[in-house]
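Note sheet for the following structure.
The values are calculated or read from the model by the stated rules, or taken from the named source; none is laboratory data. Just so it is clear, the structure is predicted and the values come from calculations on it, not from any experiment. Ideal geometry is used to build each Cβ from the backbone, glycine not excepted, and the neighbour counts take in all protein chains shown.
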Amino acid sequence: MKILIIGGTGAMGSPLTKYLSEDKDNSVYIVSRHEHFSRESNVFYIRGNIKSDAFFHELIRKRYDVVVDFIIWPPKVLRKRLKHIYANCGQYITMGTSSEYAPVDGLITEETPRLYDAYSTEERRQGGRYHIKKSKDDDLIMASEGGNWTIIRPWVTYNARKNPLVTVPLSVWMWRYLHGRTIVLPQQVMDKKCSLTYGGDAARAIGKMVGNPKAYGQIVNIASNKWMTWAEAVETYQQVLYELRGEVMKLYLLPDASLIWRDIPSQYDPIARDRFYDRCFSTAKLNELCGEEFVFGDLKECLKMSLEKTLNDPTVTLGSPSPAYQGVMDRLTGEHTPLSMFKRSERDAYKTALSPTKSWAKRVYRTLKGTDLHMHGEQDEASPLPEQEERGEEGENG
Ligand SMILES: NC(=O)c1ccc[n+]([C@@H]2O[C@H](COP(=O)([O-])OP(=O)(O)OC[C@H]3O[C@@H](n4cnc5c(N)ncnc54)[C@H](OP(=O)(O)O)[C@@H]3O)[C@@H](O)[C@H]2O)c1
């Protein structure tokens, strides 16, 4: 098969490329904005920005058996692109998200109502929010004609480069761990169940949908069925890191999540609508489409492989200290990061986060208004989410 993977160098795309290229009858074409070199004769990297019209049209007209798409599309753009995708491929596999689902008692299935389904027109207009954007994209695809689509809905999926702890990005919590700082997490999620999924497992499951006629016109959730509480998951992270480095991962469980997340608005929305609830998924549909029981790896084993790679792979950059985030965490833990650890241009952000000014608090307040959740003691005065804040969530949180 000739397969195009748009965004094929990320948490799921990298292992999917490996999985698909093992079949030497496949030719795998991968798009990303950075330069990559192939070690396989049937893997071809293409550098470019898929959001550019010229690049997209040039690429898509080369025709493929299957297109796997890991991009988060603004619905308006996807609407225009779908017909070109369908005209040039036999199957279009795209990513929704399992954090679209409304809270339920028991197992989440593909039939579980989405949060979006119960939203008012006004709420749906907050189109920049991640799960709303994903629900709109899903609706567009489901209503479309002329192509064999498959919508995959992953839940939190980690690998060496992307591994959020509850919602705290890898670059933030790993920096704190490596520098002996305490990591702040919300106490309120600790008794909730999570289904953390290894990127390699998700990729294998997606791979089983590639060229699979049973998956045409289907939505399928991909999330591990080996769920546990966040407390157990976090303890596993602590054990694995201790085994790998002999250093304790220090934690501070904050009793009221809004005390930190009101200062980091891009994180507040996923915590409140997703992590505050049990997230346990049925794999019945996945098994049915695979034609066999799909086996997910054990969290401890997979996490060990993943974190070992994070710590040992020189190409994995753990980023800068992220001044605003570190400032908020230092404020809560009473720790201090010397200003010399930040670039000159970042120092003010750290200082502001450490002791917030009125304008910072006001900006945070305005941002939260758009999420229909409120800071302590403050009430409505609706204002839209600033574009910049909305994007932050999408990177790591699923
Ligand atoms: N991972 C999760 O926990 C999770 C959970 C639920 C849903 N999802 C969905 O899964 C998809 C993301 O998958 P992922 O987490 O595996 O990806 P990821 O790790 O975030 O990687 C994103 C990939 O897309 C490429 N990319 C981003 N923008 C691009 C552009 N404009 N042009 C070309 N390439 C671009 C990136 O490469 P460059 O940076 O080099 O361009 C990279 O290969 C999204 O649709 C997301 O909503 C993910």
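With the requirement that a residue be assigned to a helix (DSSP H, G or I) and either within 13 Å of the ligand (Cβ to nearest atom) or in contact with a strand residue (DSSP E or B) (Cβ under 9 Å, 6 or more places away or on another chain) (or both), what does region 208-218 give you? If you could, list the steps in order and put the result at the bottom.
Going residue by residue through region 208-218, those that are assigned to a helix (DSSP H, G or I) are 213-215.
Once the filter is applied, which keeps residues that are assigned to a helix (DSSP H, G or I) and either within 13 Å of the ligand (Cβ to nearest atom) or in contact with a strand residue (DSSP E or B) (Cβ under 9 Å, 6 or more places away or on another chain) (or both), region 208-218 yields PRO213, ALA215.
Any chance region 142-158 includes a residue that's under 18 Å from the mean Cα position of the chain (by Cα), farther than 27 Å from GLU335 by Cβ, more than 16 Å from the ligand (Cβ to nearest atom) and not hydroxyl-bearing (Ser, Thr, Tyr)?
no
Take the residues in region 174-205 that are among the basic types (Lys, Arg) and not in a helix (DSSP H, G or I), then tell me which one is farthest from the ligand (Cβ to nearest atom).
Looking at the filtered set, the residue picked out is ARG181.
Taking region 248-271, which residues are charged (D, E, K, R) and either at pLDDT below 95 or assigned to a helix (DSSP H, G or I) (or both)?
Correct list: ASP256, ARG262, ASP263, ASP269.
When you scan region 236-247, how many residues do you find that are in a helix (DSSP H, G or I) and more than 27 Å from ALA205 (Cα to Cα)?
Counting residues in region 236-247 that are in a helix (DSSP H, G or I) and more than 27 Å from ALA205 (Cα to Cα) gives 7.
Yes/no per residue for (1) in a helix (DSSP H, G or I); (2) touching a Phe, Trp or Tyr at 6+ places or on another chain (Cβ under 9 Å); (3) under 30 Å from GLY217 (Cα atoms):
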{"residue": "LYS285", "(1), (2), (3)": "yes, no, yes"}
{"residue": "LYS300", "(1), (2), (3)": "yes, no, no"}
{"residue": "VAL316", "(1), (2), (3)": "no, no, no"}
{"residue": "GLN326", "(1), (2), (3)": "yes, yes, no"}
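What's the total number of residues in region 26-44 that are within 14 Å of the ligand (Cβ to nearest atom), of a type outside the set (Val, Ile, Thr) and under 19 Å from ALA203 (Cα atoms)?
The qualifying residues number 2.
When THR112 is evaluated against the numbered criteria (1) within 16 Å of the ligand (Cβ to nearest atom); (2) in a helix (DSSP H, G or I); (3) not small (Gly, Ala, Ser), which criterion, by number, is the only one it fails?
(2)
Within the group MET190, MET174, which residue is among the aliphatic types (A, V, I, L, M) and either over 25 Å from ILE108 (Cβ atoms) or crowded, with 23+ Cβ neighbours inside 10 Å (or both)? Break it down into steps so the answer makes sense when it comes.
Working: MET190 fails: either over 25 Å from ILE108 (Cβ atoms) or crowded, with 23+ Cβ neighbours inside 10 Å (or both).
From the options MET190, MET174, the qualifying one is MET174.
Hey, ARG47 hits all of (1) within 14 Å of the ligand (Cβ to nearest atom); (2) in contact (Cβ under 8 Å) with a residue 12 or more places away in the chain; (3) surrounded by 15 or more Cβ atoms within 10 Å (Cβ to Cβ) but one; which does it fall short on?
Of the numbered conditions (1) within 14 Å of the ligand (Cβ to nearest atom); (2) in contact (Cβ under 8 Å) with a residue 12 or more places away in the chain; (3) surrounded by 15 or more Cβ atoms within 10 Å (Cβ to Cβ), the odd one out for ARG47 is (3).
Taking the options SER171, SER135, name whichever one is under 20 Å from TYR268 (Cα atoms), in a helix (DSSP H, G or I), of a type in the set (S, T, N, Q) and modelled with pLDDT of 90 or more. Even if it seems obvious, please write down each step before you answer.
Details: SER171 fails: modelled with pLDDT of 90 or more.
Residue meeting the stated conditions: SER135.
Condition first: touching a strand residue (DSSP E or B) at 6+ places or on another chain (Cβ under 6 Å) and more than 9 Å from the ligand (Cβ to nearest atom). Now tell me which residues in region 1-25 satisfy that.
MET1, LYS2, ILE3, LEU4, THR17, LEU20, SER21, listed by residue number.
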